[in-house]
1. So who's got an amide H within less than 5 Å of the one on residue 47, skipping anything under 5 residues away but keeping other chains? H placed 1.01 Å off N, in plane.
2. Quick one: order 70, 106, 62 by neighbouring beta-carbon count within 10 Å, fewest to most.
3. Per-residue HN-Hα couplings for region 75-82, Karplus 6.51 cos²θ - 1.76 cosθ + 1.60 at θ = phi - 60°, whole Hz, x for Gly and Pro?
4. Just to confirm the filter: which trypsin sites (Lys or Arg not before Pro) across region 47-87 are DSSP coil and have at most 16 other Cβ within 10 angstrom of their Cβ?
5. Once label points are set 7 Å from the Cα along Cα→Cβ at both residue 61 and residue 83, what is their separation, rounded to one decimal in nm?
6. Amide H to amide H under 5 Å from residue 56: which residues, 5+ apart in sequence or cross-chain, H placed 1.01 Å off N in plane?
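What follows draws every value from the coordinates through simple rules; no lab data is involved. Bear in mind that the values here come from a model prediction, so they are computed numbers and not experimental data. Note that we place each Cβ from the backbone using ideal geometry, even for glycine, and neighbour counts take in every protein chain shown.
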Amino acid sequence: MVMGIFFAFLAIPAFANNYAEVTGKIVDADTQQPLVGATIYISDLKAVTTSNANGEFTLKNVPARGKFLVEVRYIGYKTASKQIDLANNTALNFALETSVIESAEVVITGTPFSANNKTNSLAVVTVNREKLAQSGGTNLIDAIAKVPGISQISTGGAISKPTIRGLGYNRVLT
């Protein structure tokens, strides 16, 4: 038993060096300025990190040996990738080239709210005295609960609260 414990302690240093840190810096290829928040990713290991304010990054607990593809992504820049052998090199530097993101033209048009039902795109229902009298409700909430988009919440005998388009009585703005 003592020999088993002795060999276990001898094996610990052999396993302790199986992990390494990959460090590096991400800069703009034209200006050499650091890129803050660039994403560094090793897909085989599912290891990911981002660059700090100086463009530097550290990926911890990666295997000390092996060849892996490292990808760097940053909005407005082309994705860069390098194949690295962690047994020989754990320091990486990337200079990203700018990329133009083009899209179709976007036109935003605004129109003021119209009180006229015929030109308004929203559903508007006008409730007047005659409609309230025709509804036959015993109280105001019962009368307007028959209008589309309005319902009621009864919290006790003769206590009702309106719900308008899903908003409760305390969330309705007038």
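1. Sorted by chain and number, the residues that satisfy this are 42.
2. Ascending Cβ contact count within 10 Å gives the list 106, 62, 70.
3. For region 75-82, the Karplus curve yields 4, x, 10, 6, 5, 10, 9, 9 Hz.
4. Hits after loop and neighbour filter: 65, 78.
5. Calculated label separation equals 2.9 nm.
6. Amide H neighbours of residue 56: 26.
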